[in-house]
Amino acid sequence: MMHFEVVEWIDFAPDNWQKAMQKHFGRGSKRCLETIAGWQKVANAAAVDASYQPPAETVRAVKEAFATSGFAARPQETGGLIDLLFDSFSHAALAGIRSAAMSIRQMLYRAEPYQIDIQLEAQPEGNRIVVTGQFLDVSQPEGVGREVQVTVSDGRGSVVKTMTNQFGEFRGEVENSGDLELSFLGLSGKPIVILLRPALG
């Protein structure tokens, strides 16, 4: 007995094929009946899903939860442009370690007057991420970004405030939520925010 291919059952469309397929059904091909039944379920599910509208009460509850979670947009005037000069995640890993989980990320940003070197590292124990970095002040002859107040946040309420030392270095540790925000004041006195989403892939 001749059987139709799956791709032919998906369409179930051309008139000459429909007649042949209907005739094939009459012969009782169990395999073909199961195939077409499966595809009809998919078509029915897609039709139902396309017309589905969640209850207004559910939509309202979700919107309220989103607004109080801290993910709602926070309009904020920032203090200048941020340029990403280097990101280790945008380069292919060396041969032999490509399949290994990436637990360290290195980045270099430019935000006037600073050049910021940032390293993210996942802690092997616990769900924490260590953020270390160094500020270079390109407007100063010595080039060190001393006493810059830096705020590190996981974007979900875990916030660490730190300050750069005499070498422009800082360190902070927050929950590894997958997101990360690093902020500091620019020359204008307005905050500069670097968003790292996802932080470690």
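Here is how the numbers come out for the structure above:
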| quantity | calculated |
| --- | --- |
| Förster radius 41 Å - calculated FRET efficiency between SER188 and VAL130, Cβ distance, rounded to 0.05 | 0.85 |
| Cβ-based net charge around GLY145, under 11 Å, with every Lys or Arg adding one and every Asp or Glu removing one | -4 |
| Residues whose placed amide H lies under 5 Å from that of ASN176, excluding near-sequence neighbours | ARG128, ILE129 |
| Length released on extending from TYR52 to LEU195, taking residue separation times 0.36 nm less the Cα-Cα span | 48.0 nm |
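Values quoted throughout were computed directly from the atomic coordinates according to the rules given, and no laboratory measurement underlies them. What you are looking at is a predicted structure, and each value in this text was computed from that prediction instead of being measured. So basically every Cβ, Gly included, is an ideal-geometry build from the backbone, and we count neighbours across all protein chains shown.
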